[in-house]
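The values are calculated or read from the model by the stated rules, or taken from the named source; none is laboratory data. All values derive from a computational prediction rather than experimental measurement. Backbone-built Cβ (ideal geometry, glycine too); neighbour counts: all protein chains shown. Accessible surface is based on the protein model in full, side chains and every heavy atom, while ligands, DNA and RNA are left aside. Shrake-Rupley method; radii C 1.70, N 1.55, O 1.52, S 1.80 Å.
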Amino acid sequence: MLAGCATAPEPGPAPAPVEQAPPPYLGPRESVAVAGLMESARADAAAGRLPTAAASLERALRIEPRNPRLWQELARVRLQQGDFAQAESTAARSNSWAGNDSALRAENQRIIEQARAARR
Amino acid sequence: MVVTDTQSGEVQALVGGRDARYRGYNRAVDAARPVGSLLKPAIYLTALSEPARYTLITPIDDGPFLWKSRGAPDWQPQNYDKKFHGMVPLRVALAQSYNAATARLGTEIGVEKVLATVRKLGVERELRPFASTLLGAAEMSPLEVAQLYQTIAAGGFRSPLRAIREVTTQEGRPLQRYALKVEQAFAPEPVILITAALQGVVREGTAQGLKSFLPADIGAAGKTGTTDDQRDAWFAGFTGDHLAIVWIGYDDNRAAQTDGIEQVWIDPQTNLRGDSQCAGALELPFMQGSAPRERSPCATVAGAVVDTVDTTVKKAKSWWERVFGR
């Protein structure tokens, strides 16, 4: 069931997404190093190299532990990995740093609901 | 001593004793010691999760407290300063680490409920469901205490502490990864409240001595803990980035406070008993009864006779009191 739920925002050989995830945000808030790690994580996730993608995101989080985009990206990878419990709690972690960024919160909510549906 | 990253739960430093390179017994991991007041935040976090009953300013009774339960001796916790303080706001009871108020609060909420909070904070060791556990009769290792405080420091998200990220082959190919895991153990709100209360401990409570070492705007939160006669002295503290747990004591459970020592002001000009006003006065430790009894002329107490000089004797301050100003 989850096979169709890939949410990697990169175009490419990812399985056909059921829903279109919002476009990747690579705004000025990320440092160059973190933006680079995020980009390679997306490429790895799109190519199905999920553990490598997660490792890059964890590295980025060591640099910017309060960056809600990184937590969200990691939640998305967990979803793809089929680790629904971690997908849900990691998206919640993203929310805890999201402030009033409603678009980010909405996407976290979407991940949480998707993870919950998959666990049922 | 254990230092971790508050956000990821990664262990950044682990020191097992004075000889940090010793490869045997590692106190940070292996020692199980009574945690004293370090468990109190679990009680207050449980309380603050019920906003209809408890807020940071709810009055708590710090009057004498007696707990009777069948099959256990009566329990009558005393305060550190041997006084009771009447009605105090909840945050003050934690900041000043009042035992009577905390015991009353903990038994009011229920020991089982508090122990459930301790488990949710990440402590896997089974603690005995006695009222005295509330005031830290329970024994834990510094690493376990770090796990408990980690969950608070991370805003209620529990991450198992990790010391290894991955195991790789010689060529650097990962064989096994220990991924970052988070679990939301508490809603954010009560954790915000307990964090504010723990910042109060550093700002105006038992850990205010830290203020002379840390910039005020760092907003450090923390909790002190001691057991009888300073057999165990603990501090747990965190900022947005780091968490540190320190335990000091002796393996053989000896008291860290040495009763046989007195601290006496000495006038270096005469090597007689002086006071803090003497030029270059030194405060030196003496074995009980071995300090000079004769006063130096610079001592300000006029006409003091030799027999009354004992009034200037004070008990040696422990390192704990020197740092935290208690």
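Does A:Gln86 satisfy being within 11 Å of chain B (Cβ to nearest Cβ), modelled with pLDDT of 95 or more, within 23 Å of B:Ala185 (Cβ to Cβ) and surrounded by 19 or more Cβ atoms within 10 Å (Cβ to Cβ)? Yes, satisfied.
Evaluating A:Arg119 against the criteria (1) among the basic types (Lys, Arg); (2) more than 10 Å from chain B (Cβ to nearest Cβ); (3) buried (at least 24 other Cβ atoms within 10 Å of the Cβ); (4) free of Cβ contacts under 8 Å to residues at least 60 places away in the same chain leaves one unmet condition, (3). For region A:42-60, the candidate set comprises residues that are in contact (Cβ under 8 Å) with a residue 24 or more places away in the chain and open to solvent by less than 30 Å² (accessible area, probe 1.4 Å); within that set, the residue that is farthest from B:Glu166 (Cα to Cα) is A:Ala46. Answer yes if at least one residue in region B:166-178 is within 14 Å of another protein chain (Cβ to nearest Cβ), under 28 Å from B:Gly17 (Cβ atoms) and modelled with pLDDT of 85 or more, and no otherwise. Yes, region B:166-178 contains at least one residue that is within 14 Å of another protein chain (Cβ to nearest Cβ), under 28 Å from B:Gly17 (Cβ atoms) and modelled with pLDDT of 85 or more. Taking region B:2-13 as the range and being surrounded by fewer than 20 Cβ atoms within 10 Å (Cβ to Cβ) and away from every other protein chain (no Cβ under 14 Å) as the test, the residues that pass are B:Val3, B:Ala13. Of all residues assigned to region B:160-178, at least one qualifies as being at negative phi, open to solvent by less than 30 Å² (accessible area, probe 1.4 Å) and assigned to a strand (DSSP E or B).
Given the structure, is B:Asp217 open to solvent by 80 Å² or more (accessible area, probe 1.4 Å) and under 28 Å from B:Val88 (Cβ atoms)? Let's see the steps before the verdict.
Working: open to solvent by 80 Å² or more (accessible area, probe 1.4 Å): yes; under 28 Å from B:Val88 (Cβ atoms): yes.
Answer is yes for this residue.
Every condition in (1) closer than 20 Å to B:Lys223 by Cα; (2) touching a Ser or Thr at 6+ places or on another chain (Cβ under 9 Å); (3) away from every other protein chain (no Cβ under 14 Å); (4) not basic (Lys, Arg) is met by B:Asp30 except one, and the failing one is (1). Residue count for region B:90-110 under the criterion of being within 11 Å of B:Pro41 (Cα to Cα) and hydroxyl-bearing (Ser, Thr, Tyr): the result is 2.
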